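The values are calculated or read from the model by the stated rules, or taken from the named source; none is laboratory data. Just so you know, these numbers come straight off a predicted model, no measurement behind them. Every residue, glycine among them, receives a Cβ derived from its backbone with ideal geometry; neighbour counts consider all protein chains shown.
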4 protein chains.
Amino acid sequence: MMQAGVEDAVRRSFQSQGAMLALGASMSAVDDGFCELELAFSEAVAQQHGYFHGGIIAAVGDSAGGYAANSKLMPERECLTAEYKINLLRPARGEALVARGRVIRAGRSLLVATVELCAREGASLAQCALMQMTLFASDARAPQHPSA
Amino acid sequence: MMQAGVEDAVRRSFQSQGAMLALGASMSAVDDGFCELELAFSEAVAQQHGYFHGGIIAAVGDSAGGYAANSKLMPERECLTAEYKINLLRPARGEALVARGRVIRAGRSLLVATVELCAREGASLAQCALMQMTLFASDARAPQHPSA
Amino acid sequence: MMQAGVEDAVRRSFQSQGAMLALGASMSAVDDGFCELELAFSEAVAQQHGYFHGGIIAAVGDSAGGYAANSKLMPERECLTAEYKINLLRPARGEALVARGRVIRAGRSLLVATVELCAREGASLAQCALMQMTLFASDARAPQHPSA
Amino acid sequence: MMQAGVEDAVRRSFQSQGAMLALGASMSAVDDGFCELELAFSEAVAQQHGYFHGGIIAAVGDSAGGYAANSKLMPERECLTAEYKINLLRPARGEALVARGRVIRAGRSLLVATVELCAREGASLAQCALMQMTLFASDARAPQHPSA
């Protein structure tokens, strides 16, 4: 269960992110240490063969892991991505891209999250990518780049 | 030095990539095992604080590493990204993002590349990210996903 | 369920690995796409503060992921590690180190696995590291380095 | 150029590391943001085919990157490895393993380093692995795990 006020802070922050909104991504679920984002397929997020573009997959995954981490930090603190690794597992073809970020370890300064990315076609989900990422927590009023 | 015909094949493939062109990225240099891409700053590639968006940085870096690898493979073969890791080093602010991909190891099936990403403001370059990636080589006429 | 002969081939290969045996690691479980290794604590695997050494953690994890992948390939084929990423989550202190490798995606040439590493003290397990790795499958009679 | 006292602190810390000494690794060079370690070949560091073992390569690389980072921090502060990624490029065969760690970015809390690993045979060096790693800086008197 999330503390009162945390979900509001997480959703408000996501709504202020131009890039995710411009793509059309929405936050389909958020819980303590968990965040699910969903992005409908369109030409704007496709590569030349009609699959979701690798850069889009990474960007949505980065955001899902980031908000999973933020659910452990907000509203007093927030995180920035220090680094991630992504394996592309299959071409991502379907109606929507679903990214599920989970916090594996929430330390005082660093958080570690994994993100599963799936392409959804009707009720069927096919995993297309997997990420493992490190996030840096800082004071929400004086955010600081992880390597600053 | 590149073999005759390779640069043409690399540039032609890049020009057919909708996503990089839509962003406005251009291939400023290509050589045997090397590729430099450049992307001018605009609102469309920015995050909320006016820096280059992390997802954009990764997408351009992925492409720079990919075409560095393709310069070792084309026209008979081509590569797909199996996986990469990216460290975000500094907020990326400037007129343009410059991505320099270099092949570190070109094996028969796998290639390894690194990509340095810098923000350019006039003549000054500040490194903003570093990538290390693995690419899978396949026959250009029957491309195959790295994990297929 | 594993095919007949696969478990034998996996265990025989593990028993021929000098390094894991020298450390004292044993294969506590193996199944289709899964492998669990266990290593008892000793001075020989410790760092200066009495925890399991980071290099040992990575080596056992690499092996657990590798044999999880081999369970999908042996006896006709076998894998070599192309690359991995490891996050160290907590100091690893306890009676034993337990590494659980799982295949996430088994392609024709590449396999992707994750490995959870825990320190065990009695019945209590504390996760100390997480790995995400890429393995290259080759013919068992003519093994070939992933980047060869 | 390194500040007075830094090299002493770095070398003293390395000399107190049981694991690297036990393997027989030595610090062949250290400078501001740079560290080179060398490890002679022996059965104790080999895998079954007579190459340097992958786990040993990663452990020596981790240490080289760590002391490159420590050269930016010691004696007041020191670092711990948060995570790394390693690509294995070639079988590592030779008289000695040489690891060269370089700091790419030294932030207040996080440092990023790369490590080139080569197998040396006489005067010839063949690169066998490449690492990209993130280190967490903490007070030397109260060291703290990066994810604590």
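Away from chain D (no Cβ under 14 Å) and β-branched (Val, Ile, Thr): which single residue out of C:115, C:98 fits that description?
One residue alone meets the criteria, C:98.
Kindly establish whether residue D:120 is surrounded by fewer than 21 Cβ atoms within 10 Å (Cβ to Cβ) and part of a loop (DSSP other than H, G, I, E, B).
For residue D:120, the condition - surrounded by fewer than 21 Cβ atoms within 10 Å (Cβ to Cβ) and part of a loop (DSSP other than H, G, I, E, B) - is not met.
Okay, residues lined up against (1) touching a residue at least 24 places away in the same chain (Cβ under 8 Å); (2) assigned to a strand (DSSP E or B); (3) in contact with a Pro (Cβ under 9 Å, 6 or more places away or on another chain):
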| site | (1), (2), (3) |
| --- | --- |
| C:67 | yes, no, no |
| C:72 | yes, no, no |
| C:83 | yes, yes, yes |
| C:91 | yes, no, no |
| C:98 | yes, yes, no |
| C:101 | yes, yes, no |
| C:104 | no, yes, no |
| C:111 | yes, yes, no |
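The rows are residues; the columns are (1) over 16 Å from the mean Cα position of the chain (by Cα); (2) among the small types (Gly, Ala, Ser).
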| site | (1), (2) |
| --- | --- |
| D:46 | yes, yes |
| D:87 | no, no |
| D:96 | no, yes |
| D:107 | yes, yes |
| D:111 | no, no |
| D:131 | no, no |
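Could you list, in sequence order, all residues of region D:7-33 that are among the acidic types (Asp, Glu) and under 20 Å from residue D:118 (Cβ atoms)?
Correct list: D:31 only.
Quick one: in region C:19-42, of everything that is without any contact (Cβ under 8 Å) to a residue 60 or more places away in the chain and in contact with an Asp or Glu (Cβ under 8 Å, 6 or more places away or on another chain), which residue is surrounded by the fewest Cβ atoms within 10 Å (Cβ to Cβ)?
C:29
Out of all the residues in region D:2-55, which are at pLDDT below 95 and on the phi > 0 side of the Ramachandran plot?
D:5, D:24, D:50
For region A:1-45, which residues satisfy the criterion of being facing another protein chain (nearest Cβ under 10 Å), aliphatic (A, V, I, L, M) and in contact with a Ser or Thr (Cβ under 9 Å, 6 or more places away or on another chain)?
Those that are facing another protein chain (nearest Cβ under 10 Å), aliphatic (A, V, I, L, M) and in contact with a Ser or Thr (Cβ under 9 Å, 6 or more places away or on another chain): A:19, A:20, A:23.
Mind listing whichever residues of region B:101-112 are of a type outside the set (Lys, Arg) and within 14 Å of chain C (Cβ to nearest Cβ)?
B:103, B:104, B:106, B:107, B:109, B:110, B:111, B:112
For region D:93-115: of the residues being touching a Phe, Trp or Tyr at 6+ places or on another chain (Cβ under 7 Å) and closer than 28 Å to residue D:41 by Cα, which is surrounded by the fewest Cβ atoms within 10 Å (Cβ to Cβ)?
D:95
Within region A:1-19, track down each residue that is within 21 Å of residue A:44 (Cβ to Cβ) and touching a strand residue (DSSP E or B) at 6+ places or on another chain (Cβ under 9 Å).
Within region A:1-19, A:14, A:15, A:18, A:19 qualify.
Quick one: count up the residues across region C:135-148 that are part of a strand (DSSP E or B) and at pLDDT below 95.
Residues in region C:135-148 being part of a strand (DSSP E or B) and at pLDDT below 95: 2 in total.
Hey, any hits in region A:58-76 for a residue that's more than 13 Å from residue A:101 (Cα to Cα), surrounded by fewer than 20 Cβ atoms within 10 Å (Cβ to Cβ) and either among the hydroxyl-bearing types (Ser, Thr, Tyr) or within 10 Å of the chain's Cα centre (by Cα) (or both)?
No - not one qualifying residue is present in region A:58-76.
Output the residues belonging to region B:64-77 that are at pLDDT 95 or above and touching a helix residue (DSSP H, G or I) at 6+ places or on another chain (Cβ under 8 Å).
B:67, B:70, B:71, B:74 - these are the residues of region B:64-77 that are at pLDDT 95 or above and touching a helix residue (DSSP H, G or I) at 6+ places or on another chain (Cβ under 8 Å).
When you check residue A:132 against the structure, is it part of a strand (DSSP E or B), surrounded by 22 or more Cβ atoms within 10 Å (Cβ to Cβ) and either among the charged types (D, E, K, R) or in contact with a strand residue (DSSP E or B) (Cβ under 7 Å, 6 or more places away or on another chain) (or both), yes or no? Write out each step before concluding.
Working: part of a strand (DSSP E or B): yes; surrounded by 22 or more Cβ atoms within 10 Å (Cβ to Cβ): yes; either among the charged types (D, E, K, R) or in contact with a strand residue (DSSP E or B) (Cβ under 7 Å, 6 or more places away or on another chain) (or both): yes.
So residue A:132 passes the test.
Tell me which residues, restricted to region A:46-87, are β-branched (Val, Ile, Thr) and within 9 Å of another protein chain (Cβ to nearest Cβ).
Filtering region A:46-87 for residues β-branched (Val, Ile, Thr) gives A:56-57, A:60, A:81, A:86.
If the condition is that a residue be β-branched (Val, Ile, Thr) and within 9 Å of another protein chain (Cβ to nearest Cβ), then A:56, A:60, A:81, A:86 are the ones that fit.
For the list (1) crowded, with 22+ Cβ neighbours inside 10 Å; (2) within 14 Å of chain D (Cβ to nearest Cβ); (3) not hydrophobic (A, V, I, L, M, F, W, C), I need the number of the one condition that residue C:90 fails.
The failed condition is (1).
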